[in-house]
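Worksheet: the structure to be examined is printed underneath.
The values are calculated or read from the model by the stated rules, or taken from the named source; none is laboratory data. Being a predicted model, the structure only gives us computed values, none of them experimental. In this analysis, Cβ positions are derived from the backbone assuming ideal geometry, glycine residues included, and neighbour counts consider all displayed protein chains.
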Amino acid sequence: MTTSAFRLAILSGVLALWEIAARAGNPLLYVPPSAVLPSLVNLVALRSYPDLLEHVLLTAREIAVAYALAVAGGVGVGCALGGHRVLGRAYAPMLAALYAVPAVVWYPSLMLFFGLDAASKIAFGFLLGFFPITLAVLAGTRQVNPHLVTVARSFGASPLAVFAKVLLPGMLFTLVGGLRTGLALAVIGVIVGEVLGAKAGMGTLINHAYGLFRTADYVALVLVTLVLIVTSDVLASLVERRARRWTT
Amino acid sequence: MTVADAELIRIDGVAKRYRTASGVVDALGDVSLAVPEGQFCTIIGPSGCGKSTLLGMLAGLVGPDGGRVLIEGQPVTGPDPRRVATVFQDPGLFPWRTALENVEFGLELQGADRGRRRAVATELLGPLGLRGFAEKYPRELSGGMKQRVAIGRALAIDTKILLMDEPFGALDEQTRMLMGEWLLDIWRRTNKTVIFVTHSLHEALALSTRVVVMTARPGRIKSVLELPLGYPRAMESPELVTLRAKLWSEIRDESLRAMSES
Amino acid sequence: MSEARRIRLLQVASVLAVLAVWEASARAGWVDPLFVAPPSVVARAFGAIGGAALIALGDTLAKTAVAYTLAVGLGVPAGLMIGSVRAVHDVVHPFVVALYGIPKILVLPWIVLLLGFGTAPAVAYGAIHGLFPILVLVIGGVRDVDPALITVARSYGARPWQIYWKVILPASVPSVLASLRLGIVFCLLGVLIVEMFAGVRGMGHVLNALANGFQAAQLFAATALVSAASIGFVLALDALNEKLSHWRG
Ligand SMILES: Nc1ncnc2c1ncn2[C@@H]1O[C@H](COP(=O)(O)OP(=O)(O)OP(=O)(O)O)[C@@H](O)[C@H]1O
Ligand SMILES: [Mg+2]
């Protein structure tokens, strides 16, 4: 009870400070929260950006494709490396080393190769989502107690049955965690790509609003993008909870 | 010497109820017990009957819901490492400390200088069978070795009272018997008062001057068995065989009850 | 042949194979050399970008160092504090998680607007990028300290500060080190993004300029350079980690 009161106090304190600071400062740089609401209404009513929906849909589509590719690639590579000991020991450290590179260094190359359209964003979203999924699958396969595989085999389980009844349930917990992180990163990849250089999509709109000093619109666009992001994460967390209930 | 003087530990009508998200658990009923100085008092009872909880009260780690716990006539209000040392059921070794450093822990907190700490701890490792393992980290030790380090950590602060919660539970039977003999030896040389929790009838009968049998949860004292016998004990003697049968019949009922409830 | 040797061999062979296929496909004209320079040309490009790239890298790393110092100096103590004080944790943790989850790219334009072009926004953005993962990891590490160990310490008469010093801090060392490792990658990431978005100097700016100039070979060489630097840092931190948490299995 007092905890939520404190939280509320912090939240309203920050908003109030922001409002005061913004009113005192340069309106081009600081947007008071009270100015955001009208902008948000204009935005959602499609007055300030009539083609908002197209951009939202484009971004969502890029995310969906990037994520689908990341899941397919990540699960495939992860299973291959996790299932084959020598392959795993050879390539997992190399993957881990690549993961230690700030991914954005790849983006200029992707932009050069794929151009400024959706393809480069999809490629970047895929790249960001691919790593956590692969590593989670890898960790998951390693986490399954090998003794359980032996036990299942001693009861005559086929390789397929071993996978379905031992490996998959054993690694599901880690897997769904990785899938959720992968989605969050694929989303970030697409939006980063759009902000750094694109012709359309939410990131482009944000960039555009900022470039024209339409700061209230910028904040409103950020809020709409956040809704998109939070929605994707909530969906992922629902799936995650579902899967976790299934495992226990 | 009056009776009250000789009484080192007095437990007076304590009870404990745990409240958790999943409901309340009555761990301990109404327990009263007096332990004179120098006793080797063993507590035996079915799993979950509140033995660890009772030791926790003596260690000053668990506050009783009712009643009181007195040591040397003073109520226990918190941990008192000058008088009480505890060997926990889970060894609880600090994984970032070597075996030796774990044994030193209590002395370190009491501000003993490094040289003395080292000396005390090193001397203890020998009889614990850990001489070559001083610099090993807990993950490099077997389960039994870990438990012995935990015992060493408690012995290092040389307290009047030693609380031991199933200290040999994780050991194989041979090691267990040897450790029992070793503990007995220390106890007889130092005149410590030992409160010892075990599930082993053999251990209880071989070591204790007194065995306290507890009921299934909520734990109460079901009976107290005095064992005014010498050491070492011939476990096959008619006397001990009879005692063993008696103890088993007491415990059997409670264990059955505990199992059917859970 | 031992398995370790076989694995090493497989690694080297795969890298060589990838390079060979890449080289061959570029030479055979399967890919446009305008977009994908063959490895041999990339190797020569290292010489071409040479000193200028190293200066740019130094510039980026200097900003990263400041950002990292800020993120670590703020994040580790704050994380330890939030993690170990129950009341603070309960109030603050949802905010930390929310701020950690929000893609920082959304505030990038605003930070550039506020701080202009150049060093300041890069440092600020890099620090923000690094701060939250550090906070989350350190808080998690402190919260995960085995309560049994705290009980043991209490039974031996440890005072609150002793519990902090002798139990919570050493137990948190692995997660603090993990946060340092993750933090440096995130700080570098943040600095590079700002340099790409609104940079006038630094490696991010160089990469962007090379991409816009369709200089594939130089671009690949520069990318390799930053990647190598980052991997180097992480490996160094891994070595430190190995040293400081040798007690773990
Ligand atoms: N901190 C706690 N919170 C909630 N319940 C607890 C707690 N500690 C113990 N209990 C419950 O209280 C009861 C008694 O626990 P206790 O550990 O004292 O039993 P025990 O006799 O030592 O059992 P065992 O022989 O298995 O070690 C158990 O049902 C246990 O689940
Ligand atoms: Mg117990």
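Against the criterion of being within 16 Å of ligand 2 (Cβ to nearest atom), assigned by TED's automatic domain parsing to the domain that holds B:Arg68 and in a strand (DSSP E or B), B:Thr42 qualifies.
Can you confirm whether B:Gly60 is more than 16 Å from ligand 2 (Cβ to nearest atom) and buried (at least 17 other Cβ atoms within 10 Å of the Cβ)? If you could, list the steps in order and put the result at the bottom.
Numbers: more than 16 Å from ligand 2 (Cβ to nearest atom): yes; buried (at least 17 other Cβ atoms within 10 Å of the Cβ): yes.
It is true that B:Gly60 is more than 16 Å from ligand 2 (Cβ to nearest atom) and buried (at least 17 other Cβ atoms within 10 Å of the Cβ).
Picking from B:Ser52, B:Ser32, B:Ser22, which residue would you name as being small (Gly, Ala, Ser), under 25 Å from B:Ile195 (Cβ atoms) and within 16 Å of ligand 1 (Cβ to nearest atom)? Within the list B:Ser52, B:Ser32, B:Ser22, the selection yields B:Ser52.
Considering only region C:56-69, I want to know if a residue exists there that is in a loop (DSSP other than H, G, I, E, B) and assigned by TED's automatic domain parsing to the domain that holds C:Ile168. No, there is no match, as no residue in region C:56-69 is in a loop (DSSP other than H, G, I, E, B) and assigned by TED's automatic domain parsing to the domain that holds C:Ile168.
Of all positions in region B:243-257, none carries a residue that is surrounded by fewer than 15 Cβ atoms within 10 Å (Cβ to Cβ), in contact (Cβ under 8 Å) with a residue 12 or more places away in the chain, away from every other protein chain (no Cβ under 14 Å) and within 16 Å of ligand 1 (Cβ to nearest atom). The helices (runs of 4 or more DSSP H) located wholly in region A:17-120 that include 3 or more residues which are touching an Asp or Glu at 6+ places or on another chain (Cβ under 8 Å) occupy A:33-44. Tallying residues that are buried (at least 19 other Cβ atoms within 10 Å of the Cβ), of a type in the set (A, V, I, L, M) and touching a helix residue (DSSP H, G or I) at 6+ places or on another chain (Cβ under 6 Å) within region C:109-123 yields 4. Using the structure shown, decide if C:Gly199 is more than 23 Å from C:Ala26 (Cα to Cα), modelled with pLDDT of 90 or more and touching a His at 6+ places or on another chain (Cβ under 7 Å). Considered against the rule, which asks whether it is more than 23 Å from C:Ala26 (Cα to Cα), modelled with pLDDT of 90 or more and touching a His at 6+ places or on another chain (Cβ under 7 Å), C:Gly199 comes out as no.
Need pairs with beta-carbon distance below 6 Å; first residue part of a helix (DSSP H, G or I) and within region C:132-148, second aromatic (Phe, Trp, Tyr); sequence gap 6+ or separate chains. Correct list of pairs: C:Phe132/C:Tyr100; C:Pro133/C:Phe186; C:Val136/C:Tyr100. Among the residues of region B:212-262, those that are among the small types (Gly, Ala, Ser), in a loop (DSSP other than H, G, I, E, B) and away from ligand 2 (no atom under 16 Å from the Cβ) comprise B:Gly230, B:Ala234, B:Ser237. Within region B:178-197, at least one residue is assigned to a loop (DSSP other than H, G, I, E, B) and closer than 30 Å to B:Glu101 by Cβ. The residues on offer are B:Ser32, B:Ser52, B:Ser22, B:Ser47, and the sole one that is away from ligand 2 (no atom under 13 Å from the Cβ), of a type in the set (Ser, Thr, Tyr) and farther than 17 Å from B:Glu226 by Cβ is B:Ser22.
Residue-wise test of (1) away from chain A (no Cβ under 14 Å); (2) of a type outside the set (A, V, I, L, M); (3) in a helix (DSSP H, G or I); (4) under 22 Å from C:Gly75 (Cβ atoms).
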{"position": "C:Ala153", "(1), (2), (3), (4)": "yes, no, yes, no"}
{"position": "C:Pro170", "(1), (2), (3), (4)": "yes, yes, yes, yes"}
{"position": "C:Pro174", "(1), (2), (3), (4)": "yes, yes, yes, yes"}
{"position": "C:Leu177", "(1), (2), (3), (4)": "yes, no, yes, yes"}
{"position": "C:Gly183", "(1), (2), (3), (4)": "no, yes, yes, yes"}
{"position": "C:Val191", "(1), (2), (3), (4)": "no, no, yes, yes"}
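So which residues in region B:157-179 are over 12 Å from the mean Cα position of the chain (by Cα), away from chain C (no Cβ under 14 Å) and either surrounded by fewer than 17 Cβ atoms within 10 Å (Cβ to Cβ) or not polar (S, T, N, Q) (or both)?
Correct list: B:Lys160, B:Ala170, B:Leu171, B:Asp172, B:Glu173, B:Gln174, B:Arg176, B:Met177, B:Leu178, B:Met179.
Within region B:112-140, the set of residues being part of a helix (DSSP H, G or I) and within 21 Å of the chain's Cα centre (by Cα) comprises B:Ala121, B:Leu124, B:Leu125. Filtering region C:198-249 to residues that are in a helix (DSSP H, G or I), within 26 Å of C:Gly118 (Cβ to Cβ) and of a type in the set (D, E, K, R) leaves nothing.
Conditions tested, residue by residue: (1) surrounded by 20 or more Cβ atoms within 10 Å (Cβ to Cβ); (2) among the acidic types (Asp, Glu); (3) closer than 30 Å to A:Ala186 by Cα.
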site	(1), (2), (3)
A:Leu127	yes, no, yes
A:Phe130	yes, no, yes
A:Gly140	yes, no, yes
A:Gln143	no, no, yes
A:Val149	no, no, no
A:Arg153	no, no, no
A:Val162	no, no, no
A:Leu168	no, no, yes
A:Leu172	no, no, yes
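Contact map, region B:24-52: first residue within 14 Å of chain C (Cβ to nearest Cβ) and touching a residue at least 12 places away in the same chain (Cβ under 8 Å), second residue within 16 Å of ligand 2 (Cβ to nearest atom) and assigned to a strand (DSSP E or B), Cβ cut-off under 8 Å, separation 6 or more or different chains; pairs are B:Ser52/B:Asp165; B:Ser52/B:Val197.
The residues of region B:71-94 that are among the aromatic types (Phe, Trp, Tyr) and more than 16 Å from ligand 2 (Cβ to nearest atom) amount to a single one, B:Phe94.
The single residue among B:Arg118, B:Arg114 that is under 22 Å from C:Tyr164 (Cα atoms) and without any contact (Cβ under 8 Å) to a residue 40 or more places away in the chain turns out to be B:Arg114.
Could you identify the single residue in B:Gly78, B:Gly152, B:Gly144, B:Gly111 that is away from ligand 1 (no atom under 16 Å from the Cβ), closer than 25 Å to B:Met179 by Cβ and at pLDDT below 90?
Values: B:Gly78 fails: closer than 25 Å to B:Met179 by Cβ; B:Gly152 fails: at pLDDT below 90; B:Gly111 fails: closer than 25 Å to B:Met179 by Cβ.
None of the others qualify; the one that does is B:Gly144.
Selection over region B:80-102 of residues that are more than 8 Å from chain C (Cβ to nearest Cβ), of a type outside the set (S, T, N, Q) and either surrounded by fewer than 24 Cβ atoms within 10 Å (Cβ to Cβ) or in a helix (DSSP H, G or I) (or both) gives a count of 5. Look at (1) in a helix (DSSP H, G or I); (2) away from ligand 2 (no atom under 16 Å from the Cβ) and you find that B:Arg68 fails only one, number (1). Applying the set (1) more than 19 Å from C:Tyr156 (Cβ to Cβ); (2) surrounded by 19 or more Cβ atoms within 10 Å (Cβ to Cβ); (3) polar (S, T, N, Q) to B:Thr193 leaves exactly one unmet item: (1).
Return yes when C:His89 is facing chain A (nearest Cβ under 10 Å), assigned to a helix (DSSP H, G or I), more than 23 Å from C:Leu207 (Cβ to Cβ) and in contact (Cβ under 8 Å) with a residue 12 or more places away in the chain and no when it is not. The answer is yes for C:His89. Hey, B:Glu166 hits all of (1) more than 15 Å from ligand 1 (Cβ to nearest atom); (2) in contact (Cβ under 8 Å) with a residue 60 or more places away in the chain; (3) on the phi > 0 side of the Ramachandran plot but one; which does it fall short on? So B:Glu166 meets the others, but not (1). With respect to being surrounded by 17 or more Cβ atoms within 10 Å (Cβ to Cβ), within 28 Å of A:Val222 (Cβ to Cβ) and within 14 Å of chain C (Cβ to nearest Cβ), A:Gly182 falls outside the description.
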